[in-house]
Ligand code: 2M8
């Protein structure tokens, strides 16, 4: 890649981040996502650290402002905008005693990338400033891990259970869609039987900004809404969810990120000369051990928390085991194989899956977030050549288009989803700076 191309990419990415800047946080995109999202802001801080380290810290501090008193980081912190398709009225966060005062949030969480972001920002600080930064972020990170392992590990297995696919960040990912097959609301099923489920598209707000065939199918989206409404009635309480037998998934993607975040929290504590609570330390050991149980025939899978059955529906989650530090178990050669990397990799769903759609959201497209995590994972397990190859191909894919898109087709790199997407911008900046 020429230095002129690199310069142009950095400029375009910087412009997007500036345009999406809400002051002390960054919205993921101009219209489709006009609020602050938890894992988006973590990736955004990882990019912003190269442009303005103080602004990167502010991004993470604004997440701490929205953190719940019980330690949960909500997946959305709402801004003033009323554009979003599942806004504050759908959540009613103020009715939960643990929600923050005077801030409207969602009432579920999202992938734990916060520890990673703290460490990445810390890397660019002097030792003294890094320790002060760690000191500031230690308690929020610790509280989050305490929440994860006390509130979301109901069977005490060291594996976090998720209540909704939005928590996984990979909203319509095939393993979750399979789990939800029996959960589709009756009225949606009726429309499906009559082959007129497209009519639901008239009721949705998200397709005002992005074409419906690049977003979750109408049946999938209304199933996700239905589940969120049911969970609200159960107050998002895991024990009540278990009694009601609503879906409960030990999500491989989320748990891989949690494992790495456990390592980050332990290192931060060590740097500060602190000792983590003994119960949490035990959970971390158990988590490391239990993750192995998600492994079978060259892949890692999510698991149904009720019956312990692996959900054998391929998804990019399998490669996150590398990011969690598991060099064995997943067949690394698979990454370069054509179902995952036809022209551009890594597809979020392989071409061999019945769910595969090259330009549809988490059912095929290449995303910068997942590639960034896989590149990092490959480096962790000493596969430096493949990591470099993926890094280069990711940057080439973005550079071939004008702008920073939400996702890209693995078949030809054509852009899809919303334009001016913040984490694509931030992670391009990061990949270019850490090349
Ligand atoms: C997407 O999810 C939101 C719901 O949280 C949506 O579809 O409205 C996902 O891609 C998620 O991972 C991401 O954090 C969010 C904002 O970019 O958008």
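Mind checking whether some residue in the stretch 233-241 is within 30 Å of residue 191 (Cα to Cα), touching a residue at least 24 places away in the same chain (Cβ under 8 Å) and surrounded by fewer than 18 Cβ atoms within 10 Å (Cβ to Cβ)? Within the stretch 233-241, one or more residues are within 30 Å of residue 191 (Cα to Cα), touching a residue at least 24 places away in the same chain (Cβ under 8 Å) and surrounded by fewer than 18 Cβ atoms within 10 Å (Cβ to Cβ). Evaluate the following for residue 52: is it surrounded by fewer than 20 Cβ atoms within 10 Å (Cβ to Cβ), more than 16 Å from the ligand (Cβ to nearest atom) and either free of Cβ contacts under 8 Å to residues at least 24 places away in the same chain or under 25 Å from residue 396 (Cβ atoms) (or both)? Yes, satisfied.
Pairs are defined by a Cβ separation below 9 Å, a sequence spacing of at least 6 or placement on different chains, a first member in the stretch 367-388 that is at positive phi, and a second member that is away from the ligand (no atom under 16 Å from the Cβ); the pairs so defined are 382/327. Does residue 327 qualify as being at pLDDT below 95, touching a helix residue (DSSP H, G or I) at 6+ places or on another chain (Cβ under 9 Å) and part of a loop (DSSP other than H, G, I, E, B)? For residue 327, the condition - at pLDDT below 95, touching a helix residue (DSSP H, G or I) at 6+ places or on another chain (Cβ under 9 Å) and part of a loop (DSSP other than H, G, I, E, B) - is met. Screening the stretch 160-175 for residues that are in a helix (DSSP H, G or I) and within 15 Å of residue 241 (Cβ to Cβ) and picking the one that is nearest to the ligand (Cβ to nearest atom) gives 166. Only one entry of 262, 255, 307 meets the criterion of being at pLDDT 95 or above, on the phi < 0 side of the Ramachandran plot and not in a helix (DSSP H, G or I), and that entry is 307. Please verify whether the stretch 342-361 includes one or more residues that are in contact with a strand residue (DSSP E or B) (Cβ under 6 Å, 6 or more places away or on another chain), more than 16 Å from the ligand (Cβ to nearest atom) and assigned to a loop (DSSP other than H, G, I, E, B). Yes: one or more hits.
For every residue, the table says whether it meets (1) out of contact with any strand residue (DSSP E or B) (no Cβ under 6 Å at 6 or more places or on another chain); (2) within 28 Å of residue 264 (Cα to Cα).
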{"residue": "310", "(1), (2)": "no, yes"}
{"residue": "325", "(1), (2)": "yes, yes"}
{"residue": "364", "(1), (2)": "yes, no"}
{"residue": "370", "(1), (2)": "yes, yes"}
{"residue": "378", "(1), (2)": "yes, yes"}
{"residue": "396", "(1), (2)": "yes, no"}
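Of the residues in the stretch 137-159, not one is within 16 Å of the ligand (Cβ to nearest atom), within 30 Å of residue 347 (Cα to Cα) and either part of a helix (DSSP H, G or I) or touching a helix residue (DSSP H, G or I) at 6+ places or on another chain (Cβ under 9 Å) (or both). Out of 291, 284, one residue alone is part of a helix (DSSP H, G or I), surrounded by 22 or more Cβ atoms within 10 Å (Cβ to Cβ) and touching a helix residue (DSSP H, G or I) at 6+ places or on another chain (Cβ under 8 Å). It is 291. The one condition from (1) assigned to a helix (DSSP H, G or I); (2) within 21 Å of residue 123 (Cβ to Cβ); (3) within 15 Å of the ligand (Cβ to nearest atom) that residue 111 does not meet is (1). How about the stretch 373-402: which of its residues are under 22 Å from residue 16 (Cα atoms) and at pLDDT below 95? Selection gives 402 alone.
Taken over the stretch 56-78, the residue count meeting the criterion of being more than 16 Å from the ligand (Cβ to nearest atom), surrounded by fewer than 22 Cβ atoms within 10 Å (Cβ to Cβ) and not in a helix (DSSP H, G or I) is 4.
Filtering the stretch 202-218 to residues that are part of a helix (DSSP H, G or I), away from the ligand (no atom under 12 Å from the Cβ) and under 19 Å from residue 358 (Cα atoms) leaves 212, 213, 218.
Conditions tested, residue by residue: (1) surrounded by 21 or more Cβ atoms within 10 Å (Cβ to Cβ); (2) in a loop (DSSP other than H, G, I, E, B); (3) away from the ligand (no atom under 16 Å from the Cβ).
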{"residue": "364", "(1), (2), (3)": "yes, yes, no"}
{"residue": "373", "(1), (2), (3)": "yes, no, no"}
{"residue": "379", "(1), (2), (3)": "no, no, yes"}
{"residue": "382", "(1), (2), (3)": "no, yes, yes"}
{"residue": "388", "(1), (2), (3)": "no, no, yes"}
{"residue": "392", "(1), (2), (3)": "no, no, yes"}
{"residue": "397", "(1), (2), (3)": "yes, no, yes"}
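All but one of (1) touching a residue at least 40 places away in the same chain (Cβ under 8 Å); (2) crowded, with 17+ Cβ neighbours inside 10 Å; (3) closer than 22 Å to residue 367 by Cβ; (4) out of contact with any strand residue (DSSP E or B) (no Cβ under 7 Å at 6 or more places or on another chain) hold for residue 213, so report the exception by its number. (2) is the only condition that residue 213 fails.
Within the stretch 79-92, how many residues turn out to be assigned to a loop (DSSP other than H, G, I, E, B) and either within 16 Å of the ligand (Cβ to nearest atom) or closer than 24 Å to residue 125 by Cβ (or both)? Within the stretch 79-92, residues that are assigned to a loop (DSSP other than H, G, I, E, B) and either within 16 Å of the ligand (Cβ to nearest atom) or closer than 24 Å to residue 125 by Cβ (or both) number 9. Per the listing 418, 424, 370, the residue uniquely within 18 Å of residue 12 (Cα to Cα), at pLDDT 95 or above and in contact with a helix residue (DSSP H, G or I) (Cβ under 8 Å, 6 or more places away or on another chain) is 424. Of the residues that make up the stretch 277-288, is at least one under 22 Å from the mean Cα position of the chain (by Cα) and within 30 Å of residue 366 (Cβ to Cβ)? Yes, the stretch 277-288 contains a residue that is under 22 Å from the mean Cα position of the chain (by Cα) and within 30 Å of residue 366 (Cβ to Cβ).
The values are calculated or read from the model by the stated rules, or taken from the named source; none is laboratory data. As the structure is a prediction and not an experimental result, all values here were calculated from the model. For neighbour counting, all protein chains shown are included, and Cβ atoms are generated from backbone atoms with ideal geometry for every residue, glycine included.
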